[in-house]
Amino acid sequence: MVARTKFLFNRSVWAGTALSLVAAALLVACGGGSGAASNAGATPSVASTGTITAFGSVFVNGHEYGTGSARFYDDDTGNSTTSSTGLEVGMVVDVTPKSGSTVATPEASELHIHPLVRGYVDAIDSAASTVTVMGQTVQVTSATNFSDHRACVNASTSPCTAVATLGSLTTGSYITVHGYLYAGSTGNSVTATLVSAADLPTTPPPFAFKAEGPISFSGANPVIGSLSLDFTSTTCRVAGVVKPCAGAFSAGQVVSVGSAAAPASPATSAPFAPTVARLASKLPVQTAGQTLELEGVVSSVQTSSFVVRGVTVDATGLPAGTAMPSVGDLVEVTGTVGASGQSVSATALKTIRVAATARFGLLGDASGVTVVTAGSSYTLNVLGQTVNVNAQTRLADMSVPHWDSRDPVANPFNISTFDSYLASSTSKHVAVRAEADASGKLTAISIAIVPASSVCRVSGTVATSPAVTNSAVTGTPSTFAIHGVSVSADPTSIFKPGTAAAMQTVTAGDMVTAVGACSASAVTVQATASRSATNYVMDIGVPQISMRDRMDF
């Protein structure tokens, strides 16, 4: 295998590591195997593009694709391998089904991987939950997974802090971002599904520094996001064929650019000179009439159509009574590819997450697992709250050292094995990200088993009832609740970003993260002179629209 393929697929490049206790990242290695039965007969399976939610083999868009004879492609380099080592929960992949594959027993022929951004973090906006990398604004949400493969995380002396949340990222960090292109009114170019930190490889591959997105030609240089491009010494490819860069691409086309050499710092301070630029399709297949499943975030909505990942979706063929999605919703569209190869005529629409849904985070011991439908849905209890789990929930086990080096095929944690796997796990401590519907019902976006601990955590908006009580005296706690979880916090433990004053107060409606000692349905935060990783309250105030998904969890 050549070095460029190892950069994507060989985990030794990334130096495997265990994340910190409070990580809500979901990451796991993958292997081959045969698909598990789903809910259909001999209907042929279709091409699918979406986020990996679990392994054993690979779960995408609710399907468990067998990968025993699949090839895994790096779309940037064109290199391929039969080894799935290096895949992670949260990666966005395009799956081509094997001939004869059915919905009941789906088998993958090809899986294509193409992260959207790779490079150094130039800026972090905690209020807006964004990071700027390679001139691309990356939106981090409560559904974003984090992983950290840097050697320093497991170093025996002076270990660094693992990147497990937006708050643990720092400028200068080298990261890879997987996700969905998004051209909405907020101006962000990528909605992240996975942010993965790593050490820069000693021999950087040609896409060690990368940006992928719609290209424009309004100025002196082509631009992707805010990244100005210098194509003077670039090899430009269209459908694998080398073309003169002048005229190779049209405005609005999705282009991937990369170089082994680092850009200026920040990347937008001078034109970036990529060694390679390639036309990257918005759809994994471009054959008119082919059926496709497409997962992504809605960036605009018209009367009878909407846009997902830059692809126009014609909604006129949806069943009568199907409601149009809203901007920001995460949806799964089933339909046929249009004549242009860049549009989809929808025949079915499923909303995975509603943009305006309240988000919460829980870290505590799991108990009371109940089977709703064997192999597809469950409930469990965390910090006294009932959480629903389904096939869209991202699942991983990070409870043992070097968990990312284990073979998940031999011991997979997925929706088919959920109850038996959790019951046999040594640790029952779980990190849960969840959303609440109008009735308050919690549905898990992600669940990770983490090392056993007496530390618990809750994140979300502070409830109006019971009423908040604020104390100004250490030893007398302030009290409030977040989705039924009671928090008792010494006033010295409460912090607000950008404010150095002591004895901060909490207000109903504020977005708060509380970390402290566990009890059945409560978190107790002790007095502290400075913020501790295991004992603090962080209050970021009333969430704005751009902060709706923000959770330091």
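Just so you know, all these numbers are worked out from the coordinates, no wet-lab data involved. Values in this document were obtained by computation on a predicted structure and should not be read as measured data. Cβ placement follows ideal geometry from the backbone for every residue including glycine, while neighbour counts extend to all protein chains displayed.
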Fraction of alpha-carbon pairs in the range 481-525 farther than 18 Å apart, rounded to whole percent, equals 27 percent
Residues whose modelled amide H sits under 5 Å from the amide H of Asp329, counting only those 5 or more places away in sequence or on another chain, are Val298, Ala355
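Relative to the compact-globule scaling 2.2 N^0.38 Å, provide the ratio for the alpha-carbon radius of gyration of the range 389-503.
Taking the Cα Rg and dividing by 2.2 N^0.38 Å, one obtains 1.37.
Would you work out the charge dipole size for the range 358-452 about its Cα centre, treating the Cβ of every Lys and Arg as +1 and the Cβ of every Asp and Glu as -1, and quote it to the nearest 20 debye?
Details: 6 positive and 7 negative charges, 30 e Å.
Using Cβ point charges on Lys, Arg, Asp and Glu, the range 358-452 gives about 140 debye.
Relative contact order of the chain: what whole-number percent is it, with Cα pairs under 8 angstrom and at least 6 residues apart? Numbers along the way, then the final one.
Numbers: 1575 pairs, mean separation 72.4, N = 553.
Over the chain, the number comes to 13 percent.
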For the range 141-150, Karplus-derived ³J(HN,Hα) couplings (6.51, -1.76, 1.60; θ = phi - 60°; whole Hz; x for glycine and proline) come out as 10, 5, 9, 6, 8, 10, 8, 9, 10, 6
Any residue on another chain or 5+ positions along whose placed amide H is under 5 Å from the amide H of Val276 is listed here as Thr235, Gly258
Projected onto the charge dipole of the chain (unit charges on the beta-carbon of Lys, Arg, Asp and Glu, signs +1, +1, -1, -1), the Cα from Pro266, Val523, Thr137 with the largest positive-side position is that of Pro266
Shape descriptor, the range 457-547: equivalent ellipsoid semi-axes (Cα gyration tensor, sqrt 5λ, whole Å, largest first) stand at 17, 16, 12
As a Kirkwood estimate from alpha-carbon pairs, the range 358-452 has a hydrodynamic radius in angstrom of 13.3 Å
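Return a whole-number percent for the relative contact order of the range 401-524, with Cα pairs under 8 Å and 6 or more residues apart as the contact set. Each step should come with its number before you reach the end.
Working: 193 pairs, mean separation 25.4, N = 124.
Result for the range 401-524 is 20 percent.
Please tell me which of these pairs span more than 27 angstrom C-alpha to C-alpha: Lys350/Lys441; Lys98/Lys350; Lys98/Lys428?
Values: Lys350/Lys441 19 Å; Lys98/Lys350 25 Å; Lys98/Lys428 37 Å.
Over 27 Å apart, Cα to Cα: Lys98/Lys428.
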Between the alpha carbon centres of the range 455-501 and the range 241-270 the gap in Å comes to 48 Å
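Can you work out D for the chain in µm² s⁻¹ from Stokes-Einstein, where Rh is the Kirkwood radius over C-alpha pairs, the temperature is 20 °C and the viscosity is 1.002 mPa s? Present the calculation step by step, with values, prior to reporting the outcome.
Values: Rh = 23.9 Å.
After rounding, the answer is 90 µm²/s.
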Cβ density ranking, 10 Å radius, fewest first, applied to Glu212, Glu435 yields Glu435, Glu212
Least to most buried among Asp125, Asp539, by other C-beta atoms within 10 Å and fewest first, runs Asp125, Asp539
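Regarding the range 206-280, what is the average projected area of its C-alpha convex hull, in nm²? Display every interim value, and only then the final one.
Details: hull surface 17.6 nm².
One quarter of the hull surface, i.e. the mean projection, equals 4.4 nm².
Give me Ser326, Ser465, Ser57 sorted ascending by neighbouring Cβ count inside 10 Å, so fewest comes first.
Values: Ser326 14, Ser465 7, Ser57 28.
Starting with the residue having the fewest Cβ neighbours, the order is Ser465, Ser326, Ser57.
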The relative contact order of the range 457-547, taking Cα pairs under 8 Å that sit 6 or more residues apart, comes to a percentage of 30 percent
Here, Ala467 and Ala151, labelled 7 Å along Cα→Cβ, have an inter-label distance in nm of 5.9 nm
Computed for the chain: size of charge dipole around the Cα centre, +1 on C-beta of each Lys and Arg, -1 on C-beta of each Asp and Glu, debye to nearest 20, value 340 debye
Diffing the range 382-391: the Karplus 3J(HN,Hα) column from phi (6.51, -1.76, 1.60, θ = phi - 60°), in whole Hz with x for Gly and Pro, holds 9, 6, x, 9, 7, 10, 8, 10, 9, 5
Sorted by chain and then number, the residues having a modelled amide H within less than 5 Å of the amide H of Asn145, at least 5 places away or on another chain, are Leu194, Val195
Here Rg/Rh (Cα, Kirkwood) for the range 293-349 equals 0.91
Taking N as the residue count of the range 110-172, its alpha carbon Rg divided by 2.2 N^0.38 Å gives 1.26
Once the dipole of the range 330-486 is set up from charges on Cβ (+1 Lys and Arg, -1 Asp and Glu), the residue from the list Thr443, Ala358, Ser420 lying farthest towards its positive end is Ala358
